[in-house]
Ligand SMILES: NC(=O)c1ccc[n+]([C@@H]2O[C@H](COP(=O)([O-])OP(=O)(O)OC[C@H]3O[C@@H](n4cnc5c(N)ncnc54)[C@H](O)[C@@H]3O)[C@@H](O)[C@H]2O)c1
């Protein structure tokens, strides 16, 4: 198969859909890989590395789309890319269709096959192509939180781990799923005092069994949250209710109970956020302040650490890319229920019920 890897042109997206190592796995199976010039540059992968792995480098995005049958990328196509996608293409990337009607309609009109990373689903209901990005965002939330706690950037001026003779900071983590667990682990590693909350007892038991002593698990309730926000220095929002908007666990009135310079990081911003005062921000301007509380709510946190994120993402996408290249989308989706769940739009039809419902459009079984 002919596989194309274009440069990501969405604002501030520095990841790339395939590493040289992925290219090597495909070319050794006799597939042709066309990588756009400098596509991997911001992730630390250079054209020479791709060439050594067997790829051909093409100068423009138009050439990549023209040469390829399957496009492997990271973010959903933006308007400029809509017309590049043709009926013979299989496009394998994050789409997040339910949040964009224009994108959905454009992909229906393109008549291409769109397989969305975010809906590829393993038998146990987990989402294997989302997990690595939650791992990155969870770990990064503490790194960012620690930075914004510094006084020159309006934080409380507290070091997460304290020093001998001075107590560490208190970190409250809401949600003990992938994001929350990784956040708690990082905060604990830096020596902070960590409270992690969830409503899922299985998740809390796992935390309790596996985390060091400076991590305390507690059932999530408004009462408990109100109790801890009064003296928390850093609060991480990592809750998710599948298929629904995030619950508003911290309301605007609660900000007044927090100390000035408290930092709140809402990782769940992409699902509407779990703090009432959350609004999406970008890496260019990641924070804003309301009632003296520093809000950080960047919707694509992994984009800031493209080297780690690209490798984490492509580690999990590559087996599916190989399967699609070897078998073609129809056979591959027949033999893999996980991949079949990734089918969102096929030859002009929406085949994922929730997406059709989101925009009152016609749904058809794949
Ligand atoms: N901003 C970013 O760049 C970025 C990156 C990756 C993931 N995310 C988002 O982070 C969020 C969390 O992702 P995840 O992979 O950790 O999900 P997950 O499903 O692994 O974990 C979510 C957890 O929230 C818990 N929860 C639900 N209601 C709760 C409540 N009322 N109180 C406490 N806990 C509650 C669930 O029981 C679950 O354990 C998602 O919205 C995801 O899209 C954002």
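Considering only the stretch 266-285, state which residues are more than 9 Å from the ligand (Cβ to nearest atom) and part of a strand (DSSP E or B).
275, 281
Can you list the helices (runs of 4 or more DSSP H) found entirely within the stretch 286-366 that contain at least 1 residues being within 16 Å of the ligand (Cβ to nearest atom)?
Fully inside the stretch 286-366 and qualifying: 306-335, 353-358.
Condition test on residue 125, is it within 26 Å of the chain's Cα centre (by Cα), in contact (Cβ under 8 Å) with a residue 40 or more places away in the chain and within 14 Å of the ligand (Cβ to nearest atom)?
no
Quick one: which of 92, 97, 45 is modelled with pLDDT under 95 and surrounded by 23 or more Cβ atoms within 10 Å (Cβ to Cβ)?
Going through 92, 97, 45 in turn, just one is modelled with pLDDT under 95 and surrounded by 23 or more Cβ atoms within 10 Å (Cβ to Cβ): 97.
Taking the stretch 230-252 as the search range and keeping residues that are touching a strand residue (DSSP E or B) at 6+ places or on another chain (Cβ under 7 Å) and within 7 Å of the ligand (Cβ to nearest atom), which one is farthest from residue 157 (Cα to Cα)?
Taking the candidates together, the pick is 239.
What are the pairs with Cβ atoms under 6 angstrom where one residue, in the stretch 175-202, is over 18 Å from residue 274 (Cβ atoms) and the other, located anywhere, is part of a helix (DSSP H, G or I) and more than 9 Å from the ligand (Cβ to nearest atom)? Sequence gap at least six, or different chains.
The qualifying pairs are 186/139; 186/142.
The values are calculated or read from the model by the stated rules, or taken from the named source; none is laboratory data. Since we're looking at a predicted model, the values are computed, not measured. Don't worry about glycine lacking a Cβ; one is built from the backbone with ideal geometry, like all the others, and counts go over all protein chains shown.
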